[in-house]
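Taken together, the values in this text are just the output of simple stated rules run on the coordinates, not laboratory data. Just so it is clear, the structure is predicted and the values come from calculations on it, not from any experiment. Positions of Cβ are generated from backbone atoms using ideal geometry, with glycine treated the same way; all protein chains shown enter the neighbour counts.
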Amino acid sequence: MATLDLQSITKSFGSAQVLSGIDLAIRDKEFVVFVGPSGCGKSTLLRIIAGLEASTSGRILIDGVDVSAAAPVDRGIAMVFQSYALYPHLSVYENIAFPLRVARLPEPEVKQKVGRAADILQLTEKLPLKPGQLSGGQRQRVAIGRSIVRNPKVFLFDEPLSNLDAALRGEMRVELSALQRDLDATMVYVTHDQIEAMTMAHRIVVLNKGRIEQFGTPMELYHHPATRFVATFIGQPNMNLLPATVVGTGPEGLTVELHGGTRMTLPVDTATARAGDSVEVGIRPESLQLGTGVTMHLRVLERLGGTAIAYGQMADGLKLCAALPGDTTVHEGEDVGLTFAPADAHVFDANGRVMRRRQAPALAA
Amino acid sequence: MIDRLTLVQKVGVYIATFFFLLFILMPFIEMIRVSLRPMSHLMTAKFTWWSEDFSLQAYRDMWKTVPLLGRYIFNSIFVASSVTAITMVVVIPAAYAYARLDFPFKALSLGGFLAVNMFTGAVLLIPLYRVLRSLGMLNTYWAMIIPGVAFLIPTGIWLLRSYLEKIPRELEEAAYVDGASRLYTLRRVVIPLATPGLIVVGTAVFIGAYAQQFLFAITFNNVREIQPLPAGLYEFIGYQDVTWNEMMAAALTGITPVMIVFLFLQKYLVAGLTAGAVKE
């Protein structure tokens, strides 16, 4: 059992406010990923949870107990650092055993626990080696080994995969997800990579400029982004945003006029909309199909096999991106017509808040 | 960087190195020459690199001329080693504090240490004499060790601090998260990783201690038995004449043990002075 609650955490360095009013309730055995662009405060938030940094105000509760003033080791957390932070002068065995040595456990117990961790992480043969003799992925596993020997309540990962190459990163993503299930542990994971967030998280926290933009399951964020920022941050390639003007509202939804004069009625909540407002219509590249609607001058076509990503410009210079079927016959340099189903459109008001979609697909639990 | 020197450049480099070393080592060459020749030939003959009359006689005679010579050599090494040991015990935690902790007047006190280094020992001899006298430490080993330690701590802190700053902070944070105290981290993580740096600083302190003991010895000590070698060498200056060859032989013999140790430490010195300069 380990729940983690953050209550109105703020942090400022001098006059610079890094985090403002972070409230978060993480459930037991949940894998939560903090994601956001660099400088959004996600690493600072993790360091505050770890106890490496003090928050300016607010409380941290682990299992309902206020640990805001406790030392990291008393909080029951373990942390894996971006650079692995392995001790180069100690063997893999001693690196994994380090927390146990600090706790002055008797040698047989140390041996048993290190052995078990090495077993889980397939490091048994590497135990006598020094970290310098290991590959990047193995070092990463040693760092994880050091965190699991103490049976912490909450695991904290600070961009653990960013030093690995792409292939290894994909492999470690799968391993980490499996490890989380095997250990039945609560994990908080920081990354700037939205793919890591989407693939591993039970729930994602999107941070921007020290605030939580949205907290939800990956599919919730994908289908119902709460803000323009989340919409463009989650999903690959990024969502297209088309400026539009509200023409009117009705029971079927919001009627807008896109640049170029196309009028569409989009099934979204219209409570906040007024005729004449400027809004942005968000369309994911994968929702665009060939057809008659908007016209795009195709500049580059990336064929990935299964899909082909088309990058181009509209007449008014607006950039557009569409994910077309892999066997599409369009050519670079052509003008192509694109269309989308009104139900797939997201609408954001001038403040970047979403008007909730009415016909979104059912959410995966 | 690929080494691409032409033959001419290589020859040039070696010639330049030769002259540089000759300039640096000339006093040593002269010491060795003098120590190998009989007294009577020293002042008469012209300078030659090699001479027929070279012998090790002075190395045998010096022990009779100055019976306490062995003791002096021991004292020198003992004083310098004690100074080094005490200095390191003080410098390691101090340098670590300056490298990692934040406390009031940090920059000011660090600057103060540098300022202390501007004074040479000679300026402070009289006040030091009074202090040591009132502490009753004149004519003891402490009279040479304590001022030595005091003058070398600032250098040590400055040298070691910059080395410790290069140890990644995340290593210490990882230890802290795992429950290790500052001192445990210092002992199990920082000191082992800083070993090359510690050897560099230790060597610098030892050399400093060896060089400055002469001044303290002749000022604060007149007990023959605890005199270090540089002061003891004065005994080769007799009423009638100076046995230069034996004095040189004794000086060379005195520095030999230290030279041998330094020869073995050499690889650490080079590694330590350049470590961390390039990201690995």
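Can you bin the range B:1-77 into rounded, prolate or oblate? Criterion: square roots of the alpha carbon gyration tensor eigenvalues sorted a ≥ b ≥ c, rounded for a/c under 1.5, prolate for a/b above b/c, oblate for the rest.
oblate
Tell me, what are the semi-axes, in whole angstrom and largest first, of the equivalent ellipsoid of the range A:4-232 as set by the roots of 5 times the Cα gyration tensor eigenvalues?
Taking √(5λ) for each eigenvalue gives 30, 20, 15 Å, largest first.
Rounded if a/c is under 1.5, else prolate if a/b beats b/c, else oblate: with a ≥ b ≥ c from the C-alpha gyration tensor eigenvalues square-rooted, which is chain B? Display every interim value, and only then the final one.
Working: a/c = 2.57, a/b = 1.38, b/c = 1.86.
Since a/c reaches 1.5 but b/c is at least a/b, the shape of chain B is classed as oblate.
Could you give the length gained by full extension between residue A:313 and residue A:236, i.e. 0.36 nm per residue of separation minus their alpha carbon distance, to one decimal place?
25.9 nm is the gain from fully extending residue A:313 to residue A:236.
In terms of modelled amide H atoms, which long-range or inter-chain residues lie less than 5 Å from the amide H of residue A:18?
HN-HN under 5 Å from residue A:18: A:11, A:12, A:13.
Apply 1/(1 + (r/R0)^6) to the Cβ-Cβ distance of residue A:332 and residue A:63, taking R0 = 60 Å, and write down the FRET efficiency to the nearest 0.05. Present the calculation step by step, with values, prior to reporting the outcome.
Numbers: r = 58 Å, r/R0 = 0.96.
Calculated transfer efficiency: 0.55.
Helix-only estimate, please: 222 nm mean residue ellipticity of the protein assembly as shown, summing -39500 (n - 2.57) across DSSP H runs of length 4 or more and dividing by its residues, to the nearest 500.
-14000 deg cm²/dmol
Only counting other Cβ atoms within 10 Å, I'd like B:239, B:129, B:14 sorted with the fewest neighbours first.
If I rank by nearby Cβ atoms, fewest first, I get B:239, B:14, B:129.
Using the beta-carbon distance between residue A:339 and residue A:120 and R0 = 45 Å, what value does 1/(1 + (r/R0)^6) give for FRET efficiency, to the nearest 0.05?
0.30
Please report A:79, A:296 as a ranked list, fewest other C-beta atoms within 10 angstrom at the top and most at the bottom.
Ranked by crowding around the Cβ, least crowded first: A:296, A:79.
What does the C-alpha gyration tensor say about the overall shape of the range A:202-298? Classify as rounded when a/c is under 1.5, otherwise prolate if a/b is larger than b/c, or oblate.
Note, shape of the range A:202-298 comes out oblate.
Specify the angular offset, from 0 to 90 degrees and rounded to the nearest 10, of the alpha carbon long axis of helix B:125-134 from the longest principal axis of the alpha carbons in chain B.
With rounding to tens, the tilt is 80 degrees.
Put a dot 7 Å past each Cα toward the Cβ at residue B:242 and residue B:130; how far apart are the dots in nm?
Result for the modelled spin labels: 3.4 nm.
If you build a Gaussian network model of chain B, linking Cα atoms that sit under 10 Å apart, which residue out of B:131, B:123, B:83 swings the most?
Ranking B:131, B:123, B:83 by mean-square fluctuation puts B:123 first.
Using all Cα-Cα distances in the range A:99-206, what percent lands in each 5 angstrom bin from 0 up to the longest?
Values per bin, smallest distances first: 2, 10, 22, 23, 20, 13, 6, 3, 1.
Grab the Cα-Cα distance for residue A:15 and residue A:71, subtract it from 0.36 nm times how many residues apart they are, and report the gain in nm with one decimal.
Extending this stretch completely gives an extra 17.5 nm.
Could you give me the ³J(HN,Hα) list for the range A:103-110, computed from phi with Karplus coefficients 6.51, -1.76, 1.60 and θ = phi - 60°, whole Hz, x at Gly and Pro?
Karplus-based 3J(HN,Hα) across the range A:103-110 equals 7, 6, 6, x, 3, x, 5, 4 Hz.
Rank A:161, A:298, A:19 by mean-square fluctuation in a GNM of chain A with C-alpha springs under 10 angstrom and give only the top-ranked residue.
Taking springs between Cα atoms under 10 Å, the residue moving most is A:298.
Once you place label points 7 Å from the Cα toward the Cβ at residue B:39 and residue B:267, how far apart are they in nm?
4.6
Non-local amide H neighbours of residue A:273 (under 5 Å, H modeled in plane, Pro and chain starts lacking H): which ones?
Correct list: empty.
Take every Cα pair under 8 Å in chain B that's 6+ residues apart, average their separations, divide by the length, and report that relative contact order as a whole percent.
Relative contact order here is 31 percent.
In which sequence would B:106, A:42, A:126, A:209 go, from the one with the fewest C-beta neighbours within 10 Å to the one with the most?
Lowest to highest Cβ neighbour count: B:106, A:209, A:126, A:42.
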